[in-house]
Number of protein chains: 2
Amino acid sequence: MSKPKLTFWYEFASPYSWLAAERIEALAAAAGVEIDWRPFLLGPIFVAQGWTTSPFNLYPAKGNNMWRDMERLCARTGLPPLTRPDPFPQNSLLAARVATALPDASRPAFTRAVYRAEFTHKQPIADRTVIARLLRDSGVDADAAMAAAELPETKAALRNAIEQARSLGIYGAPSFITASGELFWGNDRLEQALAWAREEG
Amino acid sequence: MSKPKLTFWYEFASPYSWLAAERIEALAAAAGVEIDWRPFLLGPIFVAQGWTTSPFNLYPAKGNNMWRDMERLCARTGLPPLTRPDPFPQNSLLAARVATALPDASRPAFTRAVYRAEFTHKQPIADRTVIARLLRDSGVDADAAMAAAELPETKAALRNAIEQARSLGIYGAPSFITASGELFWGNDRLEQALAWAREEG
């Protein structure tokens, strides 16, 4: 019998996507749910809503509290102190293309490595040398992965993922979607999404 | 020794404020925290951000998922099935003025009664006969409370609450603020806000 599935839609520039990426594997294992890691870009979806940057920048009170909330949640989750990317949001196109091109089995470790570089070590994730190092540290052939990221089929696959996200009703990250299409938004909903997937399975 | 305090900022038109209003008393009692129920209006704060209505209306994908999320959360919280107010958001000025004018001890029961009328029974909370009935059902002298709601000092107190909310960095509802000024946004953060207040106390 196959495990129930949950798709984890994440954006590399998104702080709360990072928290979900740190938490999801242990929780999914405990729930007996299989996770499909699906990188996408929120930028095009935000632009379609009339936003030119993150809502955390557009609405300063919201942004201030998000950073404070992230500091508190890092402490609660046992993560090292947060460093704020500069600029925020980081350009996540390269990381998303690389993650899209990777084999499924390599995606989780690379994804977490990118987030930690970005939010713990304040490194520029649009920088090719940074991404190549993170690939090597994840045990991946960095040259091959960087080349695969630039293939037309990779670029098309990421564009398709964004279009699919939008058509599924996704408007933020992280989002979780069960096999039946039940959509949960936000790191706060991870446990509920897993429970729902399990009940469907 | 006095109990640690937490201020509960809520908006009568806000679905997630309702969930917090249903949950907060038992959780606060368990945490040994005293709650200050503080009604305010989000409308003026939204207008200052350039929004003419709720973001759940401005961004349909976000709104669709909020309603679905509320349905799920009502079931999880043991509440009756949600009914969507029409129109949404309801005009919450009258309810907020009445709640502002009530004695502290009468505010929680009246507040919950308004929310249940709005989100369970689809009643128009801007209607004076609805509010008067809810007051009576809460054991309050309805005529006196309705009259107190229209006093200039009540209107000024509500305006001051909105201005105070904005100056404290509040941008959504529900929000929770500890004695030291730590701000938590959202029904999802209620438990963390109570724990923080307790540690401060």
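Computed from the coordinates by the stated procedures, all read-outs in this text should not be read as laboratory data. Note that this is a predicted model, so its numbers are computed, not measured. With ideal geometry, Cβ positions are generated from the backbone for all residues, glycine too; neighbour counts draw on all protein chains shown.
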*When each copy gets a label point 7 Å from Cα toward the beta-carbon at A:THR52, what are the spacings between them in nm, shortest first?*
2.0
*What are the distances, in nm and sorted shortest first, from the label point of B:GLU191 to the label points of the same position in each other copy, with each label point placed 7 Å from Cα along the Cα-to-Cβ direction?*
0.4
*Ascending list, in nanometres, of distances separating the A:GLU34 label from those of the other copies (7 Å, Cα toward Cβ)*: 5.6
*Dipole magnitude (debye, nearest 20) for the stretch B:5-200, charges at Cβ of Lys, Arg, Asp, Glu*: 460 debye
*Please pull out the direction-averaged projected area of the protein assembly as shown, using the convex hull of its alpha-carbon atoms, in nm² to one decimal place.*
20.9 nm²
_Axis-nearest residue of B (beta carbon) for the B-onto-A rotation, whole Å_ = B:ASP188, 2
*Contact order relative to length of the stretch B:5-200, as percent, for alpha carbon pairs under 8 angstrom and 6 or more apart*: 32 percent
*Compactness ratio of chain A: Cα Rg over 2.2 N^0.38 Å, N = residue count?*
0.98
*Hey, can you grab everything whose amide H is under 5 Å from the amide H of B:LEU151? Only 5+ residues off in sequence or another chain; H modelled, so Pro and N-termini drop out.*
none
*Tell me what chain A gives for mean residue ellipticity at 222 nm when only DSSP H runs of n ≥ 4 count, each as -39,500 (n - 2.57), the sum divided by the residue total, rounded to 500 deg cm²/dmol.*
-17000 deg cm²/dmol
*Using the C-alpha gyration tensor of the stretch A:49-158, what are the square roots of 5 times its eigenvalues, in whole angstrom, with the largest one first?*
27, 18, 11
